[in-house]
1. If the label point is 7 Å along Cα→Cβ of residue A:73, which residues in region A:156-183 have backbone nitrogen under 19 Å from it?
2. Per residue Cα convex hull volume for region A:185-259, in cubic angstrom?
3. Give A:114/A:225; A:124/A:175; A:114/B:150 a once-over and call out the pairs whose C-alpha atoms are over 30 Å from each other.
4. I'd like the antiparallel share, as a percent to the nearest 5, of DSSP beta bridges with both residues in the protein assembly as shown.
5. So how do B:170, A:239 line up by other beta-carbon neighbours within 10 Å, fewest first?
6. Placing one identical point scatterer on every Cα of the protein assembly as shown and ignoring solvent, what is log10 I(q)/I(0) from the Debye formula at q = 0.07, 0.08, 0.13 Å⁻¹?
7. Once you mark the trypsin sites (Lys or Arg not before Pro) that are in a DSSP loop and have at most 15 other Cβ atoms within 10 Å, what is the longest gap between them in chain A?
8. Name the residue, out of B:192, B:19, B:126, whose mean-square fluctuation peaks in a Gaussian network model built on chain B with Cα pairs under 10 Å.
Amino acid sequence: MPRDPDDAARLKALRRDLAPDLARLERRMVLRGGLSLGALTLLSGCDLSTGSNGTLADRVLWAMSRANDRVQQWLFDPATLAPTYPASMIDSPFRFNAFYPPDNIPEIDEATWKLEVSGLVADKAPWTLAKLRALPQESQITRHICIEGWSQIGQWSGVPLRTFLERSGADLTAKYVGFKCADRYYGSLDMPSALHPQTILALDFAGQPLAPEYGYPLRVRVPTKLGFKSPKHIAAIFVTNDYPGGYWEDQGYNWFSGI
Amino acid sequence: MTIVPETPSRLVVIHPLVVRITHWINAVAVFCMLFSGWAIYNASPLFPFAFPKWATLGGWLGGALAWHFAAMWLFALNGLAYLIYGLLARHFATTFLPLSPGAIWRDARAALRFRLVHRVGRYNAVQRLAYGIAIALGLLLVASGCALWKPVQWQALANLFGGYEWARRVHFAAMAGLGGFILLHLALVAIVPSTLLAMITGRARVTEETVR
């Protein structure tokens, strides 16, 4: 039966709006389902799903993750650089990776895009891409290691986050730098990692302005942390002493996740 | 009715208390590490297969990683305690040594023909080799695991394994080796269940003539 083209378009738009929520819901249901199916996970709430005030197993796992944050903060050496690689070792094509399928990548208009700055910073004026490009730029060819285990070598360039924070008059003694993204993702870094010389606000990937799937127009690149600690499509940066958490961290990924 | 003269026998300690405690803590730790590790492997399989869902721990990647990074402390610190005890109390020297290729060859051939003589409280050369390999695999798992956990902070260690991607393969191979050891270990315990009791009580009955 032929469908009204208007209806079809509306349906398509609706499906697109709902997809991330559906994916999330589905994942949660898989979690719960996995509990009853998995012979080794018959005890409910030993998968972090009941939170840090949940079952005994979950409380222990969350407490261990917080303890591992402290161990990793202590192990982190601000002077240790991530290994860099020759251009011949760059992996291509580079994987697209997000909590949603590629057709949900946010469409961002350069003309209206602005980077908001808030929290413990002196200058809260929003930044344009042109203003960011006028700052000193850094380029790096480093290994991106995903929490799933795979890794790829890529080339990113942009503004060192330290430079950006200094120019914004940020309180560099604050504990956290937080990020809010155009795709509902959010994340945060400890200040020592934010100030690491290789932590950059990347504008380019592989020598070109960031493609939409790699975080256009601006992403964080932290080669001393797992990939999920480098949010894409950044819309706002804030400096704070209150733990901001993160999209995955709030569900149970280890917050520090240093490598 | 004939009276069979009772063979004189007595209970001797064959597994010291420290060995028994560390053995059972290790059993729990290895169980957690193995099954959470399989769930982590499944998130991005290195090889064209995945582990069955029922054999994984943690429910999802975040849960599995939380288990792995919690149990790793138990595995490493308990292993360290065992190594310190084994070296200082000369446990390794007295139970796993001496060990020569000739003795391994002789005992392996005897074992395959089911002619290997067992003496309570004394490991044959094949057992000594197997336990030595299991300890070495444990050390390799911790070392390659550290390289995977901190390939930037501990890049010298990661480079020793040929970088992050090779460290993944070494970690997997060491896991497979330890898994093979565990299968053999459990199979032998199933064949001679009294060894299970001995690892709990530490004691085994020895007839006088076998005591030297």
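Laboratory data are not the source of any read-out in this text; all were calculated from the coordinates shown. Remember, it's a predicted structure, so these values are computed and weren't measured experimentally. Here the Cβ is made from the backbone with ideal geometry for all residues, glycine too, and neighbour counts use every protein chain on show.
1. A:171-179
2. So the per-residue hull volume is 91 Å³.
3. Values: A:114/A:225 26 Å; A:124/A:175 18 Å; A:114/B:150 35 Å.
Result: A:114/B:150 exceed 30 Å.
4. 90 percent
5. Starting with the residue having the fewest Cβ neighbours, the order is B:170, A:239.
6. With one equal scatterer per Cα and no solvent, log10 I(q)/I(0) is -0.48, -0.60, -1.24.
7. That would be A:4-94.
8. B:192
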